[in-house]
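These notes are about the structure you will find just below.
The values are calculated or read from the model by the stated rules, or taken from the named source; none is laboratory data. As the structure is a prediction and not an experimental result, all values here were calculated from the model. Counting neighbours? That spans all protein chains shown, and the Cβs are built from the backbone with ideal geometry, glycine included.
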Amino acid sequence: MIKILFESKRYKGFIAVMLLLILVSCKKNDLPVADFSISTKIGTTQVEVQLINKSTNAVSYRWDVDGKTVSQDLNPAKLIFNGSHLEKILITLEATDKFGQKSTKASDLAADFAK
């Protein structure tokens, strides 16, 4: 059956057009890249943290603080940490693209605001 289609002059043009359409419609799949910055405002008894998402090629996000998910927003609301001394806190962003491919970035946040 396939041999017959290829040998038929009528289908050669159709097959060529279909192959061309497939090649043109296949574009490079850019992988997601998780990236963020941290802005802090240090008070006398608390630290206010704003996470700014700078990820590319992603459609969903998961923000974790010390292994616990705190948000799935593009840019989560401000996080407030209370206490007179804040030990290291690990902030992780996982960015996922529309194909389910993931990228992760982690950063330590340490602030001593008891000075």
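A few comments on the model shown:
- Some residue of the stretch 21-36 being charged (D, E, K, R), modelled with pLDDT under 80, out of contact with any Gly (no Cβ under 9 Å at 6 or more places or on another chain) and surrounded by 11 or more Cβ atoms within 10 Å (Cβ to Cβ): no
- Subset of the stretch 61-85 [among the hydroxyl-bearing types (Ser, Thr, Tyr) and surrounded by fewer than 16 Cβ atoms within 10 Å (Cβ to Cβ)]: THR69, SER84
- So SER107, is it modelled with pLDDT under 95, part of a strand (DSSP E or B), surrounded by 12 or more Cβ atoms within 10 Å (Cβ to Cβ) and at negative phi: yes
- Qualifying residue in the stretch 45-53 (condition: at pLDDT below 65, farther than 22 Å from GLU94 by Cβ, surrounded by 10 or more Cβ atoms within 10 Å (Cβ to Cβ) and aliphatic (A, V, I, L, M)): no
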